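Note sheet for the following structure.
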Amino acid sequence: MEKKHTIPPHKIDHRANVFALAEVGATDVLSVSAVGLTGKKPFSVGQFVLVEDLFRIMDTPTFIEDFKGGIVHPDMSAPYSPGLKSKVLQAGKASGLKIKTGAVLADTKGPRYETAAEVAFFRKIGVHLLGMTSTVEAILFNELRATGVKIQNATLAITTNFGTGVLKKPLDHNEVKVVVAQRENEVKNIVSNLIALV
């Protein structure tokens, strides 16, 4: 985890990070993401939400540069591993914490926040959560699985703010930091209990 937040989201080398995890033999990877909300329902600020599906139309880094080793079109019907998601829910319960489910996450290209029109568009098409990084990771983990790598992934989101236009006021990144800080120890408890399950 980058403590000082010095690397902008669009500068993260997702391929290197995901490949490194696979190289060292990681079998279960939980991403924890601070996300905004596209509306006031069904989720609210300050909740833990397990991501169910993703929406991404931006260019995405890929491990599949050619088909020399065979044709590979990764299946994305379950972009987050059901087995690991189940264990995350168990870890939350063991921590005494409620984790909501059923969320669809989309990423936009940071470091900027979304415009009110973008937030309204995503809400209209069924996206609940907005971030800047984690859909790329999920796609790359699915590519690895399609090539035989045994690695599971899940994303646990912390809902930190309403997206632009939902409350008719400007976004303040300090508000995001406050919510993340408030939930930090609970994240540690979830991760600790998850380790015991995997």
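Derivation of every value follows stated rules applied to the coordinates shown; laboratory data play no part. Values in this document were obtained by computation on a predicted structure and should not be read as measured data. Cβ sites come from the backbone with ideal geometry, for glycine too, and all protein chains shown count toward neighbours.
Where does the longest stretch of the chain lie that holds no GluC sites (Glu not before Pro) found in a DSSP loop with 16 or fewer other Cβ atoms within 10 Å? Answer from the scan: 66-198.
Direction-averaged projected area, Cα convex hull, the stretch 51-150: 8.0 nm², rounded to one decimal. Partners of K109 within straight-line reach, counting lysines whose Cα lies under 16 Å from its Cα and excluding those fewer than 8 residues away in the same chain: K11.
Computed from phi, the 3J(HN,Hα) profile of the stretch 38-45 under the Karplus parametrisation 6.51, -1.76, 1.60 (θ = phi - 60°) reads 7, x, 8, 9, x, 10, 9, 5 Hz, with x in place of Gly and Pro. The length gained by stretching the chain between T27 and I7 to full extension, at 0.36 nm per residue less their Cα-Cα distance, is 4.6 nm. The charge dipole of the chain, taken about its Cα centre with unit charges on the Cβ of Lys, Arg, Asp and Glu (plus for the first two, minus for the last two), comes to roughly 700 debye.
For the stretch 22-72, trypsin sites (Lys or Arg not before Pro) meeting the loop criterion (DSSP other than H, G, I, E, B) and having at most 10 other Cβ atoms within 10 Å: K68. Between F67 and L97, the distance separating the two model label sites (each 7 Å from Cα on the Cα→Cβ line) works out to 4.4 nm. Only helices enter the 222 nm calculation for the chain: every DSSP H run of n ≥ 4 contributes -39,500 (n - 2.57), and dividing by all residues gives -11500 deg cm²/dmol, rounded to 500.
Convex hull volume of the C-alpha atoms in the chain, normalised per residue: 123 Å³. Rg/Rh for the stretch 1-114 to two decimals, with Rh computed the Kirkwood way over all alpha-carbon pairs. When Rh is taken as the Kirkwood radius, the ratio is 0.97. The slack in the chain from K40 to S86, taken as 0.36 nm per residue of separation less the alpha-carbon distance, amounts to 14.0 nm. Taking a straight Cα-Cα cut-off under 17 Å and skipping sequence neighbours fewer than 8 places away in the same chain, the lysines within cross-link reach of K168 are K40, K41.
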